[in-house]
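The values are calculated or read from the model by the stated rules, or taken from the named source; none is laboratory data. The structure displayed is predicted, hence computed values, not measured ones. For neighbour counting, all protein chains shown are included, and Cβ atoms are generated from backbone atoms with ideal geometry for every residue, glycine included.
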Amino acid sequence: MDGVQDSRIAASMISFSAQCVRRCLAALAAAACIVALAAQERPAPPSAGMLGFPDSQVAAQRTLEQSARARASATEVGKYMHVMAAHPHHAGTEASRKVAEYILTSLRGWGLEAEYAVYEVMLPFPGERRLELLQPSRYKALLKEPAIDQDPSSGQPGQLPTFNAYAGNGDVTAGLVYVNYGTPEDYAELEKRGVSVKGKIVIARYGRSWRGIKPKLAQERGAVGCIIYSDPADDGFGKGAVYPEGPHRPPQGVQRGSVMDMPIYPGDPTTPFTPSLPGAQRLSVEESPTILKIPVLPISHSDAQPLLEAIGGEPAPAGWKGGLPLEYRLGDGNSKARLEVRNRFELRKIYNVIATIPGKDFPDEWVMYGNHHDAWVNGANDPVSGASVVLETARVLASLKQEGWQPSRTIKLAFWDGEEFGIIGSTEWVEQHARELQRKLVAYFNSDSNGRGQLRVGGSHHLAPYLRELLAEVEDPASGRSVLEARVRIQNSMDGQDRPFPVDAAGSGSDYAPFLHHITMPSLNFGFGGGCPSAGVYHSIYDSIAWYEKYCDPGHRYGKALSDVMLTALLRLSNAPVLPYDFAEVARIVAGYAREVELIAREKGQVLDIASLLASLQSLLEEGLGWNRWVAANRDRLAQDKAAASAVNQALLAAEQRLALTRGLPGRPWYRHQVYAPGLFTGYGVKTLPGIRESLEQNQPEVAQQHVAELNAALARLRAHLRQTRQLGQARPRSPRAANAAP
Ligand SMILES: [Zn+2]
């Protein structure tokens, strides 16, 4: 808890009305109570025990996990990487299908059941791309990344030209306006200075907000085109030596990427809510709300420089200056440029690959782990470093299976296609199997992009205590300490505080999104990072094996470390007699979010009463702690009584669905989680308590207050669900799915 923030809350309360002070004091008392209770019963540091297991099974489980980790190999991870990142393989192409085939063949070769899950989806491919400066000087943008001699794959055929997927088509000639990062705050600043983007082509730099938000906001303000470039201050020589001398983005490096309006819904833009199977009803490209109307192109800073030099008018404010040697100006109407984009929209097949290891005790409970296999170009870091770990996990599990081992629950391993275009393969699959997943999925794990550094994990907080416990047993490659200790020591040495291993809130940006946000099922995204400067080659032809093995993870030690983490996580969750979910942790974390939104309201001078929310969270904390005590007291019995354990677990895995808003978030019904969502105006970045937070940000405190009531109702449902689940475990019911109805 942040003491500085609390004193700020207290100080600002002084000016409030008496009634408000009473309300705030009650709220703060509840918050203090939560903190006090949380401190009393924080999860114990790792001991001989194991969450969800009776003591009698712990030693055997640990031996199994150690055996799996001993089999995971850096050399194997490297081998898969060399195959999967050998050629450019963007979705919808023969090269991408071949990667899927390699995965399928490997899985089957190891003796696993594996199948394709094929969808036919609407993908854009770049046709005509033109960007020319016409006034006051002339320049024709190259729109091309040059090959680099030291990087053998950088000159390969089959590279996808630089483009932004799901931009609109058009040929526009207009004046240029520089909009900094193109965030809502940047547009507010322009408006203040009397600069309009109506009828203009805006030039925005990458960074701060997700790329798709930049053209979306430009379009809403009447701009006719949008150029997005990588400024060297954020991504290039301002960060250090550029490729191949260093790891950072070279002058002509370009970040490709999707500008689909994913904060509305991801997946095939023409089939929202439904899988893109043969005969699916489709919107037209023109009707799809997630395809932009204006042309958009990503460019290098080498192509951006002549354009920025051509822009006259008022000098840009201090924070708007990038790293190029020029005077950044906002625009005066004297420049003129032509931007032409012609993307072809085509229905193409994409190939997910799904492997299944059936569970021997609870085959209808699934623990799932996946990542995408499609890339923008070769994609050594994104996605192959993550997908290779899924493959290594599969190989090790297959080798255990050959020796007669079988998990208690079913394990599914997924390799998604079409992620780069807009999280398409996983979204279509989740939309197809939504109801079954809501009955069966214990957790979905994802690992997109892995490299040197610390382990970062984000997602459902009721999995955090289980996660911390297992991370204390996996070795960190750099320090020789545990992965848990390595991260916590660094984190706590920065400010001297004593905080547990953090599980971040999850926004969007990879294949966990449909699991967490659409069907509200437990999900976690994993990856080592922070020491690998992957931003410098992100979505470019330089995200190659040569770059990766030199600058990101030489020797694939972190590929091996992530394999160790994922194997331990899968084996533990697939074997635990009682699912190790902890809803007291959810109460603690959400109480923190509640204080954040209260602060936003106060800073904006809006009235938001969160006393009821803090009281709900206090009740959830007590219910969650009661649940944890009940499991500790009953796990030996449940481990013997499979019918009772099954009833408990099947109810438990549906618990997070109680936090769903059935009608969805305001303006975007596809997103249903009331605790986490990608920001409507920030894209991948997470907004916690999105209904409340975004209503406040849009100056609608009454709507925010309605969302407080909705969340209170959801928390009450979750508490009732936990109570009912406990009764199921005690009563040994006849119908194991009694508590598992849809929310
Ligand atoms: Zn990725």
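Which is of a type in the set (S, T, N, Q), outside any loop (DSSP other than H, G, I, E, B) and under 26 Å from the mean Cα position of the chain (by Cα), of Ser96, Ser153? First the steps, then the outcome.
Numbers: Ser153 fails: under 26 Å from the mean Cα position of the chain (by Cα).
The conditions single out Ser96.
Within the group Lys349, Lys401, Lys412, which residue is among the charged types (D, E, K, R), within 15 Å of Glu113 (Cα to Cα) and assigned to a strand (DSSP E or B)? Give the steps one after another, and end with the answer.
Details: Lys349 fails: within 15 Å of Glu113 (Cα to Cα); Lys401 fails: assigned to a strand (DSSP E or B).
On inspection, the qualifying residue turns out to be Lys412.
Which ones in segment 540-567 are crowded, with 24+ Cβ neighbours inside 10 Å and farther than 11 Å from Ala72 by Cα?
Ser540, Ile541, Tyr542, Asp543, Ser544, Trp547, Tyr548, Cys552, Asp553, His556, Tyr558 - these are the residues of segment 540-567 that are crowded, with 24+ Cβ neighbours inside 10 Å and farther than 11 Å from Ala72 by Cα.
Go through segment 341-360 residue by residue and tally those that are over 25 Å from Glu420 (Cα atoms) and surrounded by fewer than 16 Cβ atoms within 10 Å (Cβ to Cβ).
If we filter segment 341-360 for residues that are over 25 Å from Glu420 (Cα atoms), which is where we start, we get 357-360.
This time we only want the ones that are surrounded by fewer than 16 Cβ atoms within 10 Å (Cβ to Cβ), so: 358, 360.
Residues that pass the stated criteria total 2.
What are the pairs, 6+ residues apart or on separate chains, where a residue within segment 546-559 that is at pLDDT 95 or above has its Cβ under 6 Å from a residue that is of a type in the set (Lys, Arg)?
What qualifies is Asp553/Arg452; Tyr558/Arg452.
Among the listed residues Leu107, Leu142, identify the single one that is among the aliphatic types (A, V, I, L, M), surrounded by fewer than 19 Cβ atoms within 10 Å (Cβ to Cβ) and closer than 30 Å to Leu347 by Cα.
Details: Leu107 fails: surrounded by fewer than 19 Cβ atoms within 10 Å (Cβ to Cβ).
Only one candidate passes the filter, namely Leu142.
Under the condition of being outside any strand (DSSP E or B) and small (Gly, Ala, Ser), which residue from segment 365-387 is farthest from the ligand (Cβ to nearest atom)? Walk me through how you get there before you give the answer.
From segment 365-387, those outside any strand (DSSP E or B) are 373-387; that's our starting set.
Then keep just the ones that are small (Gly, Ala, Ser); that gives 375, 379-380, 385-387.
Details: Ala375: 8, Gly379: 8, Ala380: 12, Ser385: 9, Gly386: 7, Ala387: 9 Å.
Only one residue fits best here, namely Ala380.
Restricting segment 439-452 to residues that are surrounded by 20 or more Cβ atoms within 10 Å (Cβ to Cβ) and either more than 16 Å from the ligand (Cβ to nearest atom) or outside the structural domain of Gly359 (by TED's automatic domain parsing) (or both), which is nearest to the chain's Cα centre (by Cα)?
Of segment 439-452, the ones surrounded by 20 or more Cβ atoms within 10 Å (Cβ to Cβ) are 440-452.
With the extra rule that they be either more than 16 Å from the ligand (Cβ to nearest atom) or outside the structural domain of Gly359 (by TED's automatic domain parsing) (or both), the set shrinks to 440-443, 452.
Values: Lys440: 22, Leu441: 18, Val442: 18, Ala443: 15, Arg452: 19 Å.
Checked segment 439-452; the qualifying residue nearest to the chain's Cα centre (by Cα) is Ala443.
Name the single residue that is modelled with the lowest pLDDT among those in segment 490-535 being under 19 Å from Ala655 (Cα atoms), out of contact with any Pro (no Cβ under 8 Å at 6 or more places or on another chain) and within 15 Å of the ligand (Cβ to nearest atom).
Ala506
Any idea how many residues of segment 700-743 are out of contact with any Ser or Thr (no Cβ under 7 Å at 6 or more places or on another chain), modelled with pLDDT under 95 and in a loop (DSSP other than H, G, I, E, B)?
9
More than 16 Å from the ligand (Cβ to nearest atom), modelled with pLDDT of 95 or more and over 23 Å from the mean Cα position of the chain (by Cα): is that true of Ala464 in this structure?
no
Can you name the number of the only condition in (1) in a helix (DSSP H, G or I); (2) within 25 Å of Asn169 (Cα to Cα) that Glu309 fails?
(2)
Mind checking which residues of segment 60-93 are of a type in the set (Val, Ile, Thr), in a helix (DSSP H, G or I) and surrounded by fewer than 22 Cβ atoms within 10 Å (Cβ to Cβ)? Before you say what the answer is, go through the steps one by one.
We begin by selecting, within segment 60-93, every residue of a type in the set (Val, Ile, Thr); these are 63, 75, 77, 83, 93.
Now restrict to residues that are in a helix (DSSP H, G or I): 63, 75, 77, 83.
The answer is Thr63, Thr75, Val83.
Is it the case that some residue within segment 388-403 is within 16 Å of the ligand (Cβ to nearest atom), over 16 Å from the mean Cα position of the chain (by Cα), surrounded by 23 or more Cβ atoms within 10 Å (Cβ to Cβ) and of a type outside the set (Val, Ile, Thr)? First the steps, then the outcome.
Within segment 388-403, the subset within 16 Å of the ligand (Cβ to nearest atom) is 388-391.
Keeping just the survivors that are over 16 Å from the mean Cα position of the chain (by Cα) gives 388-391.
With the extra rule that they be surrounded by 23 or more Cβ atoms within 10 Å (Cβ to Cβ), the set shrinks to 388-391.
Going one step further and asking which of them are of a type outside the set (Val, Ile, Thr), we end up with 388, 391.
Yes, there is a match, as at least one residue in segment 388-403 is within 16 Å of the ligand (Cβ to nearest atom), over 16 Å from the mean Cα position of the chain (by Cα), surrounded by 23 or more Cβ atoms within 10 Å (Cβ to Cβ) and of a type outside the set (Val, Ile, Thr).
Taking the conditions exactly as written (among the β-branched types (Val, Ile, Thr), at pLDDT 95 or above and closer than 30 Å to Val58 by Cα), does Val586 satisfy them or not? First the steps, then the outcome.
On the way: among the β-branched types (Val, Ile, Thr): yes; at pLDDT 95 or above: yes; closer than 30 Å to Val58 by Cα: yes.
Judged against the criteria, Val586 is a match.
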